[in-house]
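The values are calculated or read from the model by the stated rules, or taken from the named source; none is laboratory data. All values reported here derive from a predicted model rather than from experimental measurement. Cβ placement follows ideal geometry from the backbone for every residue including glycine, while neighbour counts extend to all protein chains displayed.
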Amino acid sequence: MWKELSVTEVQQLDRAIGAADETFQMDEQSFRAFYDLTARSLWSYLYRTSGNATLADDLAQESYYRLLRVRFSDPNHDYMKNYLFRIATNLLRDHWRHAKVEPPPPSERDDAHPLHNQPASAAESHIESDLMRAMNDLKPRERQLLWLAYVEGSSHREIAQAAGLREQSVRGLLFRARARLATLLRRRGLAPGAAQQ
Amino acid sequence: MNFSKPLPCKEEMRVIRSARTGFWDAGLEQHVASCPACSEAAAMARLLNEMRAVDESQCRIPDSGLMWWKAQLLARREAGEDATQPISFVERFSYVLGGVCAIAVCILQWHAIRGWLISLGQGGWKMGSAYLGEAASQAQRVFSSAASTGPNWLTQLGLPIATGAAILGLFTAIAVYLAHLEE
């Protein structure tokens, strides 16, 4: 709701807005380069971890905004990317905690997203669908660990930082998550070796 | 592919990296062929990276320029909210203080108010000039009643009202001073 502002308030706002312009450590050019490099992989991580494309859209945008607001800038894009994924992981965890809802069960996930309606060969579609369902049957933390390790190539230390775990426990958790995914795939008759063909 | 509970292998992270990038060294490739854990890790890495490739080719993310613009807009809005926060606080505080003062006056002057209400009730509902005349005399009685109770409330409960009025006066003085200073 808008209210009438006095001259003093308007002047105070002007100063605050001026300060906001200096809030971001990163300049526009650097931000755009970093965004173009990382946005798709961040979205993919959030989508595959949450199973919800709309939530992935929102959290991806929020993650970049938080990154800008922390006045953190590093010429090393890998380091910044790791930091960005840590922010995204925390946001996802906060979302589940504050909404007081567990991640939706596989049957309620966002299967109607345009990504799932892309034309593909029957075999590709079948594999993609089975793999997605097997992923959705994992716990959120297992999906996060697997994605960070196997897709983003994060080290155990980076995974521990992003997921809020001890570095020593990552290896075991990762191994168990992979074993569980392998079991789920086997139940669906999709051995990883078969999917490569 | 053998999925019969392989044990963790120290080469797994190297294998995952190679599976992601597609660059294998000969020794590692031989190791993968003989190690069930690494074989499974390599296959899993390929599958998951295929998923990522599908996402990356088909997802629709906002343009980087739009994201930058939105972030700036959001930062400005937050800065605006931060700037007006003290003003809103003082505003809310003065409302609360006003409310407390009104309640305190009602409590302190309850006898006078009660008398006024009773006299209003005894007078009945009259219309026209007769009513107005009666109302004027009732108002006079209320004021005189309030005046007669003056020393009592001043000695017993006058301190909170005086404090409230002083705070209100102080805030008004500060607000006037700040407005004058800005001009």
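Can you tell me how many residues in segment B:34-61 are more than 7 Å from every other protein chain (Cβ to nearest Cβ) and surrounded by 14 or more Cβ atoms within 10 Å (Cβ to Cβ)?
So the first thing to find is which residues in segment B:34-61 are more than 7 Å from every other protein chain (Cβ to nearest Cβ), and the list is B:34-39, B:42, B:50, B:53, B:57, B:60.
Right, trim to surrounded by 14 or more Cβ atoms within 10 Å (Cβ to Cβ) and you get B:35-39, B:42, B:50.
Qualifying residue count, segment B:34-61: 7.
I'd like the full set of residues that are touching a residue at least 12 places away in the same chain (Cβ under 8 Å) and touching a Pro at 6+ places or on another chain (Cβ under 9 Å), limited to segment B:46-66. Spell out how you get there, then give the answer.
The initial filter retains those residues of segment B:46-66 that are touching a residue at least 12 places away in the same chain (Cβ under 8 Å), namely B:46, B:49.
B:Arg46, the sole residue that qualifies.
Could you check, for segment B:67-85, whether at least one of its residues is at pLDDT 85 or above and in a loop (DSSP other than H, G, I, E, B)?
no
Taking the conditions exactly as written (facing another protein chain (nearest Cβ under 10 Å), at pLDDT below 90 and out of contact with any Pro (no Cβ under 9 Å at 6 or more places or on another chain)), does A:Gly153 satisfy them or not? Before you say what the answer is, go through the steps one by one.
Values: facing another protein chain (nearest Cβ under 10 Å): yes; at pLDDT below 90: yes; out of contact with any Pro (no Cβ under 9 Å at 6 or more places or on another chain): yes.
In short, yes.
Hey, does segment B:43-54 have a residue that's within 25 Å of A:Ser41 (Cβ to Cβ), more than 48 Å from the chain's Cα centre (by Cα) and not acidic (Asp, Glu)? Explain how you work it out, then say what you get.
Pass one, segment B:43-54, residues within 25 Å of A:Ser41 (Cβ to Cβ): B:43-54.
Next, from what is left, pick out any that are more than 48 Å from the chain's Cα centre (by Cα): B:43.
Imposing the further condition that a residue be not acidic (Asp, Glu) reduces the set to B:43.
Yes: one or more hits.
What's the total number of residues in segment A:144-155 that are in a helix (DSSP H, G or I) and either touching a Phe, Trp or Tyr at 6+ places or on another chain (Cβ under 9 Å) or surrounded by fewer than 20 Cβ atoms within 10 Å (Cβ to Cβ) (or both)? It would help to see each step written out before you state the result.
Quick first cut of segment A:144-155, residues in a helix (DSSP H, G or I) only: A:144-151.
Filter once more, keeping what is either touching a Phe, Trp or Tyr at 6+ places or on another chain (Cβ under 9 Å) or surrounded by fewer than 20 Cβ atoms within 10 Å (Cβ to Cβ) (or both): A:144, A:147-148, A:151.
Total satisfying the criteria: 4.
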